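Notes follow once the structure below has been shown.
Read-outs throughout are calculated quantities, based only on the coordinates presented, and are distinct from any laboratory measurement. Bear in mind that the values here come from a model prediction, so they are computed numbers and not experimental data. FYI the Cβ positions are ideal-geometry reconstructions off the backbone, even for glycines, and counts take in every protein chain you see.
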Amino acid sequence: MSALPPLIWLQAFESAARTLSFTAAGQELAVTQAAISQRIRLLEDRLGQRLFVRHPRSLTLTPAGQAWLPSLQDGFNRLTEGTREVFGDASDAPITLRTTPVVQQNWLAPRLPAFRRQHPNVALRLVSAIWPNDFGPEGADLEIRYGEGTWPGMEALSLGGETMLPVCSPVLAQTIARPQDLAAHTLLHAAGFAVGWPTWLDAAGVPALVSRCAPLICDTQTMTLALAAQGEGVALTHRRLVEHRRDLTIALDRPVDSHEGFWLVRPARPQPRPEAALLWDWLKDRLGSAGPDR
């Protein structure tokens with residue numbers, strides 16, 4: 001062969017082969033699933049062989065794809081190492097940590113000052129993400145994601161088990177003694193969570209209340225908590241996100257377990273920068289902790 005295929009085709013194949021998913025590869029490379037599919041087809045046409053067996057709901061590698069993948073990954077690793085040797089590892093660039101605004105405000109903010117005191121020379125950059133598609137390894141050294149912890153090509157550590165429970169302002173809490181009392185208040189809904197008000201009310205034995213309570217739907221948990229703190233209703237949230245807030249209190253201590261949770265996440269490869277590894281280890285030591293360092 002006179003020339004290698006385009007790099008973006010090779011990247012598409014390596015990512016899809018590693019994750020066995022065109023969708024996951026697209027998320028990893030910040031392109032659509034259709035773009036990954038097209039690049040792989042062009043690559044297969046160039047090589048004259050199929051690299052994947054396409055099943056109705058899954059992918060497998062052909063023998064040719066399996067044989068080629070290690071060489072390609074080795075080539076990418078050598079390219080990464082050579083680039084670092086010649087140009088350095090951009091150690092002066094800030095370590096980027098990406099997560100949702102509500103985690104930044106309620107979980108990170110009480111903890112990061114201690115890290116800054118211990119490691120004042122490590123530059124940090126916090127980036128907000130709201131929806132699942134906002135996440136991905138491009139441009140972030142570490143992430144805190146919400147979900148089930150199954151992201152192809154990523155290393156994930158759980159922050160601990162999650163429960164959802166209703167919270168509101170201290171004044172409003174005085175009017176709520178049992179689940180039936182919620183009928184007199186606005187229920188603040190945050191979109192995108194597996195455990196929402198219908199699930200909680202059903203577990204509390206009052207499923208019909210969901211149709212009797214005035215709803216207010218927000219696209220972020222940050223907004224539901226802000227409204228709840230202002231006395232505008234009752235929000236359903238994670239216990240860990242309100243542990244250190246004085247403007248919110250638990251309205252009814254009836255937690256409902258969620259199979260989703262918060263995860264500390266980073267790309268499985270390449271090797272993280274030393275500063276990123278330092279922050280990872282520091283946060284890992286605090287997973288599931290009840291409070292900030294003093």
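Points worth noting:
- Nearest-0.05 FRET efficiency for Gln180 and Arg125, computed from C-beta distance (R0 35 Å): 0.15
- FRET efficiency, Ala93 to Arg46 (Cβ-Cβ, R0 45 Å, nearest 0.05): 0.80
- Reported label for calculated Kirkwood radius over Cα pairs in Å given (1) 20.0; (2) 21.8; (3) 19.5: (2)
- Once the C-beta distance of Leu157 and Gln118 is scaled by a Förster radius of 22 Å, the resulting FRET efficiency is 0.65 to the nearest 0.05.
- The range 226-281: trypsin sites (Lys or Arg not before Pro) falling in loop per DSSP and having at most 13 other Cβ within 10 Å: Arg246
- The alpha carbons of the range 7-87 give a radius of gyration and a Dmax of 13.0, 45 Å, in that order.
- Were the residues from Ala35 through Glu243 laid out at 0.36 nm apart, the gain over their Cα-Cα distance would be 70.5 nm.
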